[in-house]
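Taken together, the values in this text are just the output of simple stated rules run on the coordinates, not laboratory data. Not measured: the values here are computed from a predicted model. Note that we place each Cβ from the backbone using ideal geometry, even for glycine, and neighbour counts take in every protein chain shown.
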Amino acid sequence: KDGCPVIFHDDFILTQKTEVLYEMRVTDLLLEEFLSYGVQKEPHKVSKPLLRRMEDGRVLTWSTEEDDYLCTLQEVFEHVSPHLGFNIELKFDDNIIYPSVNLNRALQAVLQVVFQYAGNRPLFFSTFQPDAARITQGGTAKHDDTRRNSLDNAIHVCQEYDLHGVVSEVRGVLKNPSAILKAQESNLAILTYGQLNNVREAVYVQYLMGVNGVIVDLVEEISNAVADFSKPDLGQSTFSNSVDIGRKHESFSQQQLGFLLRLIPELIQQPH
């Protein structure tokens, strides 16, 4: 609310006081109040309970194997290695229509911190809000905004506003691999996110298809898997029925790869 960019996944903070649940929009909180929830930076401070609503409607205590205090974008820049690149996701509520002045105000606050503290680290912006992507100049379910409903539409937005690429739910890419070729022809990057990106085999298939990067939960495990991938020696297009992945070693045999290609259509039909 006071113009300080913070790091948080959800649009709302859920807390409890005297057995009553309170749900507050993050952007309606002052920085001091936002930082008062969950684990505290200073151990002597009393924290307010932090809860989370599950997809099935249950409300549970926020609990993880390892946790840290809530923080600002500036703090992340200051404490994370400058050699590590950032994907800065600009979050906006799907149920709100934002006037241009509100989008500009929010983006100016983020960009001010980026220009002052990012240094030379590689970074890019991503967002589900097409107009926010347009304003930054480089920044899966059905959405009311048709620009968000297909890879082809997203690629068109990138071409129209001279953006650098598309971040898609992984199933959208697996269902429409020809869009990758279309993106490559326009010199656009394709990144994906979603539960399937925690499956090594699904990431490998995307690697063969030409996807530029994946957003994952199991960072170390998938990073190690990607490091083992051998670059396929393509006599034809990546989309050909025949892909030679011979070279020094094969991460998967031809038989295993055939199984993967049969398995992926089944995976993308499963609910999120």
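Counted by neighbouring Cβ atoms within 10 Å, the residues Thr192, Thr127, Thr18 run from fewest to most as Thr18, Thr127, Thr192. Sorted ascending by nearby beta carbons within 10 Å, beginning with the fewest, Asp67, Asp131 become Asp67, Asp131.
According to the Cα-based calculation, Rg over Rh for the stretch 1-72 is 0.94, with Rh computed by the Kirkwood formula.
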